[in-house]
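Heads up: the structure comes next, in C-alpha cells.
What follows draws every value from the coordinates through simple rules; no lab data is involved. Nothing here was measured: the structure is a model prediction, and the numbers come from that model. Methodologically, a virtual Cβ is constructed for each residue, glycine included, from the backbone with ideal geometry; neighbour enumeration extends over all protein chains shown.
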Amino acid sequence: MTNPILETRNLTKVYGQNTIFKNIDLKVNEGETIVIIGPSGTGKSTLLRCINLLTSHDGGQVFLDGNEITAKGYNEDEVRQQIGMVFQNFLLFNHLTAFDNVMIGLTRVKKMPKEQAKAKAMEELNRVGLADRADHYPGQLSGGQQQRVAIARALAMDPRVMLFDEPTSALDPELIGEVLGVMAKLARDRMTMIVVTHEMGFAREVADRIVFMEKGNIVEEGTPDDLFYHPKHDRTREFLWKITELYGKKEKEKGDKA
Amino acid sequence: MSDFYAFFVRFLPDLLKGAGITLLLTVQGLVAGFVLGLLATLARTYGSKFWRGLAVGYIELFRGTPLLVQLFLIYYGLPGLGITLSRELSAFLALGLNSGAYQAEYLRGSILAIGDNQMMAGRSIGMSKWKTIWYVILPQALRLAIPAWSNEPVSLLKSTGVVFLIAVPELMAKAKAIAARTYDPIGSYLAVALVYLAMVYLLDAVLRWIERASRIPGFESEGKKA
C-alpha cells in the first residue's frame with residue numbers, strides 16, 4: 001500500500017455557529033482523480049480551499065507527501081505552488097494576456113529565467129489547446145477559453161495535486177465540453193486531481209473514486225460503479241437520482257432547442 | 001474688449017512665469033500625494049490594525065480640515081515647535097499631504113472593486129500577499145481609478161491658488177500684484193482665469209491620453225459591470 005500524496009485527517013471548518021464540515025478524512029493517491037459531489041452548501045468548495053490553505057481550518061490536519069502542511073510556520077506560498085487550484089469564476093488576471101497569465105507565476109514565483117519561462121508557458125497553453133490565443137486578454141476570450149487558460153496557469157507551476165472548484169458551473173452549456181475534455185486528458189495523464197462538480201457524466205467516466213458529501217460529512221465514497229449502481233446509503237441514491245433527472249431534463253431541453 | 005486684449009498680452013509673460021510655478025506646485029503635490037495616498041490606502045486596506053489606524057487618522061485629518069488651515073499650521077505654526085520651513089517647502093508639504101488624503105480615497109475604491117478574488121487567484125499560484133498586490137491588484141486598480149482620479153490633478157491645480165497667502169510667487173500671487181499695480185482687478189483676475197482655464201484644458205487632454213493609453217482590451221466592459 002503506497003502512501004497517499006494528499007491526506008486530510010479530522011479536517012474541520014466552522015464559521016461562527018455553523019459547522020461547515022467536520023472530521024473529514026480523505027486520502028488521495030498519486031495519479032488518482034477524486035470527484036466530490038453533493039448538494040450545494042455542504043462545504044465542498046470550502047474543503048478545497050482549506051486543503052490549499054486559502055482558507056484557515058479550525059481543526060484537524062492536511063498532509064502533502066507525508067508532510068503536515070497545516071503545521072504552524074509551514075510556508076503557505078510554497079504549498080500553493082504544489083497544490084494548483086482552478087476556480088468556478090476562472091479568476092484570470094484581467095490585465096494580462098493569456099500568455100502572461102500563465103507566465104507570471106513562473107517568473108515572479110519560481111524565478112525561472114525568461115526564455116525558459118516563455119517556452120514553458122507556451123507548452124502549457126498548447127496543452128489546453130490555446131496556443132493560438134496567447135496574445136488575447138481574458139476579456140477577449142470565451143468563458144471556456146478563460147477556464148482553460150486558468151488550468152494552464154495552475155499547471156505551469158508543476159503542482160503535485162490539482163483542485164477544481166466547480167470549474168464548469170459558470171459556463172454556458174456549449175462551452176462545458178471543452179473544459180471537461182482538458183480535465184479528462186489530465187486525468188489520463190495521471191495528474192492527481194480533486195474535482196468538485198455537478199457534471200455526473202464526467203464523474204462516472206473519469207473519476208477513480210467518487211466522494212458524496214452532505215451537510216459537512218462524507219456520506220459515502222467508492223468507485224463510480226459503486227455509487228451509481230450500488231449505493232449503500234439512501235441519501236446517495238436520492239441525490240444521484242435527483243441530479244441525474246435534473247440534468248437529463250436539461251439535456252432534453254437542449255435537444256428540443258436544437 | 002481690445003483694451004483687455006492689450007492688457008492680457010502685456011502681462012502674459014508675467015502670468016506665465018507664475019503659471020510655471022503653479023504647474024510645478026501641482027506636479028510636485030500630485031506626485032507626493034500619489035505616493036502618500038497609495039501608501040495610506042494600502043495600509044488601510046491590507047495593513048495591521050496599527051497601520052490601518054494611522055492611515056485612517058491621516059486621511060480623515062487632511063480631508064476634514066481646509067487646505068488653508070493646513071498651510072498656515074505648517075508655515076506659521078511649526079516654527080512655534082522649532083521647525084521653520086521655507087515658503088516653497090511649506091506649500092509643497094501642505095499640497096502633498098492634502099492631495100494624498102484625497103488620492104487615498106480614490107485608490108481605495110478601485111482596490112476594493114478589484115477585490116478579494118484577484119487576491120485569491122494570485123495566492124493560489126503561490127504568490128505572496130504583497131507580490132499579488134504589486135503585480136496583480138495595483139496594475140488593475142490603478143487603471144480602474146483613472147476616471148475618478150482625473151478630478152484630482154484639476155482640483156489640485158486650482159487649489160494651489162491659496163499658497164499666494166504665504167507669498168509663494170505663483171499664478172494667483174502674480175494676478176494680485178498686477179491688480180494692485182494697474183488698479184484693474186477685473187482685467188487682472190479675468191486674465192488669470194483664462195490662464196487657469198487653459199492649464200486645466202491641457203491637463204485634461206493629458207489625462208485623457210493616459211486613460212486611453214492604459215486601456216486593456218476587453219477589460220473596460222468588465223469594469224462597468226462590476
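Observations on the model:
- Note: the stretch A:37-163, Cα convex hull, 130 Å³ per residue.
- Ordering B:LEU68, B:GLN103, B:GLY82 by Cα displacement along the dipole of the stretch B:49-112 toward the positive end leaves B:GLN103 in first place; charges were set at the Cβ atoms of Lys, Arg (+1) and Asp, Glu (-1).
- Debye log10 I(q)/I(0) at q = 0.17 Å⁻¹ for the stretch B:1-69, Cα point scatterers: -0.74
- Neighbourhood net charge (14 Å Cβ-Cβ; Lys/Arg +1, Asp/Glu -1) for A:LEU48: +3
- Each Lys or Arg adds one and each Asp or Glu subtracts one; over the other residues with Cβ under 15 Å from the Cβ of A:VAL14, this totals +3.
- Of every Cα-Cα pair in the protein assembly as shown, the percent that sits beyond 40 Å: 40 percent
- Contour minus Cα-Cα distance for B:ARG212 and B:LEU12 (0.36 nm per residue): 68.7 nm
- Membrane-span-like helices of chain A, defined as complete DSSP H segments with a Cα extent of 15 Å or more along the helix axis and a mean Kyte hydropathy of at least -1.0, are identified as A:98-108, A:143-155, A:173-188.
- Fewest-first sequence of A:PHE212, A:PHE228 by Cβ atoms within 10 Å of each Cβ: A:PHE228, A:PHE212
- Order of B:TYR58, B:TYR5, B:TYR46 under a 10 Å beta carbon neighbour criterion, fewest first: B:TYR5, B:TYR46, B:TYR58
- Per-pair calculated FRET efficiency, R0 = 22 Å: B:VAL35 and B:TRP130 via Cβ, rounded to 0.05: 0.85
- Mean partner shielding of peptide A:98-107, defined as the number of other chain Cβ atoms within 10 Å of each residue Cβ, is 2.
- Per-residue average of Cβ from other chains inside 10 Å of A:81-91: 3
- Under the convention that each Lys and Arg Cβ holds +1 and each Asp and Glu Cβ holds -1, the size of the dipole of the stretch A:36-192 around its Cα centre is about 300 debye.
- Helix-derived mean residue ellipticity, 222 nm - over the protein assembly as shown, DSSP H n ≥ 4, -39500 (n - 2.57), to 500: -19000 deg cm²/dmol
- Nearby aspartates and glutamates by direct alpha-carbon distance to B:LYS131 (threshold 16 angstrom, same-chain neighbours under 8 apart not counted): A:GLU76, A:ASP77, A:GLU78, A:ASP100, B:ASP116
- Taking the number of Cβ atoms within 10 Å of each Cβ as an exposure proxy, the fewest-first ranking of A:HIS95, A:HIS136 is A:HIS136, A:HIS95.
- Among A:ASN29, A:ASN94, A:ASN52, the largest mean-square fluctuation in a Gaussian network model of chain A (Cα springs under 10 Å) belongs to A:ASN94.
- Fraction in percent of alpha-carbon pairs per bin - 5 Å, chain A: 1, 6, 13, 16, 18, 17, 13, 9, 4, 2, 0, 0
- Whole-number Å³ per residue for the convex hull built on Cα positions in chain B: 149 Å³
- In a fully extended conformation the segment linking A:TYR229 and A:SER40 would gain 65.8 nm over its present Cα-Cα distance, using 0.36 nm per residue.
- Compactness of the stretch A:94-233, expressed as Rg and Dmax over alpha-carbon positions, Å: 16.8, 54
- Between helix B:171-182 and chain B: long-axis angle, C-alpha atoms, 0 to 90°, nearest 10: 10 degrees
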